[in-house]
1. Out of A:117, A:121, report the one residue that is touching a residue at least 24 places away in the same chain (Cβ under 8 Å) and under 19 Å from the mean Cα position of the chain (by Cα).
2. May I ask you to list the residues in the stretch B:1-23 that are exposed (fewer than 12 other Cβ atoms within 10 Å of the Cβ) and either closer than 13 Å to residue B:103 by Cα or within 14 Å of chain A (Cβ to nearest Cβ) (or both)?
3. Being under 11 Å from residue A:89 (Cβ atoms) and either at the interface with chain A (Cβ under 7 Å from one of its Cβ atoms) or not in a loop (DSSP other than H, G, I, E, B) (or both) is the filter here; which residues of the stretch B:207-225 pass it?
4. Being in contact (Cβ under 8 Å) with a residue 40 or more places away in the chain and in contact with a strand residue (DSSP E or B) (Cβ under 8 Å, 6 or more places away or on another chain) is the filter here, so list the residues in the stretch B:46-65 that pass it.
5. Identify, from the list B:160, B:117, the residue that is in the same structural domain as residue B:198 (by TED's automatic domain parsing) and touching a strand residue (DSSP E or B) at 6+ places or on another chain (Cβ under 7 Å).
6. In the list B:59, B:128, which residue meets the criterion of being surrounded by fewer than 15 Cβ atoms within 10 Å (Cβ to Cβ), assigned to a loop (DSSP other than H, G, I, E, B) and more than 14 Å from chain A (Cβ to nearest Cβ)?
7. Is the stretch B:145-152 home to any residue that is surrounded by 20 or more Cβ atoms within 10 Å (Cβ to Cβ), away from chain A (no Cβ under 13 Å) and modelled with pLDDT of 95 or more?
8. Considering only residues that are under 20 Å from residue B:13 (Cα atoms) and without any contact (Cβ under 8 Å) to a residue 12 or more places away in the chain, which ones fall in the stretch B:78-101?
């Protein structure tokens with residue numbers, strides 16, 4: 001059979017702007033860039049810490065500049081977006097979750113996942129900020145050996 | 001007829017014998033509330049321009065022939081109604097990411113090769129003589145693959161997949177859903193028969209979880225889930241523990 005002459009329409013560079021589903025996908029993927037940059041900032045801080053108090057204080061002073069605060073606000077927004085969208089695709093990327101023979105609804109997976117993520121984030125924040133409720137703070141002190149994380 | 005209104009349909013036209021690239025052609029189409037986009041195109045073909053080329057067969061979302069881009073989104077034109085798109089205009093184009101054969105008809109040859117590559121039939125461990133009668137399945141065994149068996153090869157999921165647009169060699173959502181459908185069938189040997197197709201660079205790993213394929217599927221097949229569940233299988237296979245951990 002003769003080869004059929006066809007026309008292949010090129011995929012435009014802005015293909016992802018033409019559909020809200022693609023926009024969400026690209027934003028989700030773009031969040032990786034901000035995680036990478038945030039990891040670099042943390043590594044920078046760790047390096048500053050190893051070089052002594054003056055260097056570490058310099059790094060902390062830099063974090064308080066408007067540009068760095070703006071970066072962290074954007075990075076936090078992308079982290080939130082990534083968390084929610086990650087749990088939204090989890091029911092599709094993991095094998096079907098069944099409880100007692102019944103398929104667990106997608107919405108339940110998303111709600112439990114985002115809820116657990118929020119609870120753990122809140123706990124770590126309260127721990128670092130020293131505002132854990134007394135009972136919980138006591139339990140954490142018992143778990144973390146002396147000389148470990150304060 | 002009292003309920004007749006007029007809507008403009010803009011169709012992408014391409015004649016491989018005379019055109020170097022596609023162009024849009026506009027038609028004013030009278031329609032009644034019960035008319036689908038497909039029926040609008042049939043009106044054009046019958047009354048306005050007999051040269052307009054498009055595929056259809058069943059007119060009831062079963063055959064999978066009439067998929068096209070309608071206002072930039074992949075739809076079956078038989079179950080998309082002109083009344084919902086009024087006042088229009090309605091832009092109809094061939095499915096995205098496929099070579100255009102003529103007007104709204106795309107070249108399906110690439111997909112058919114991929115479909116053949118995933119062995120879309122039951123591969124059993126041994127030949128069963130007819131005298132043994134039918135292979136029975138429990139309702140649970142049927143339920144395991146039923147959803148994926150609903151695929152009608154309409155290719156909307158390919159038009160929804162930017163990864164396929166960027167790499168036409170990607171086996172793609174529908175073929176990988178059907179790979180999953182046969183792997184999950186209790187009468188089939190399962191994973192090992194189709195492992196090469198799933199593990200290939202253009203297999204499951206070409207998927208980046210865009211997820212739009214599952215949104216546009218008119219039959220509720222959920223290709224995104226089929227593809228990504230097989231990333232787990234492919235990873236276990238790579239680590240050499242697929243057989244140990246079982247699963248299909």
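The values are calculated or read from the model by the stated rules, or taken from the named source; none is laboratory data. Computed from a prediction, not measured in an experiment: that's the story for all the values here. Note that we place each Cβ from the backbone using ideal geometry, even for glycine, and neighbour counts take in every protein chain shown.
1. Values: A:121 fails: touching a residue at least 24 places away in the same chain (Cβ under 8 Å).
The match here is A:117.
2. Those that are exposed (fewer than 12 other Cβ atoms within 10 Å of the Cβ) and either closer than 13 Å to residue B:103 by Cα or within 14 Å of chain A (Cβ to nearest Cβ) (or both): B:17, B:18, B:20, B:21, B:23.
3. B:209, B:210, B:211, B:214, B:224, B:225
4. B:52, B:53, B:54, B:55, B:61, B:64
5. Details: B:117 fails: touching a strand residue (DSSP E or B) at 6+ places or on another chain (Cβ under 7 Å).
Step by step, each of B:160, B:117 is checked, and only B:160 is in the same structural domain as residue B:198 (by TED's automatic domain parsing) and touching a strand residue (DSSP E or B) at 6+ places or on another chain (Cβ under 7 Å).
6. Numbers: B:59 fails: surrounded by fewer than 15 Cβ atoms within 10 Å (Cβ to Cβ).
Just one listed residue meets the conditions, B:128.
7. Checking the stretch B:145-152: at least one residue is surrounded by 20 or more Cβ atoms within 10 Å (Cβ to Cβ), away from chain A (no Cβ under 13 Å) and modelled with pLDDT of 95 or more.
8. Listed by number, the list holds a single entry, B:99.
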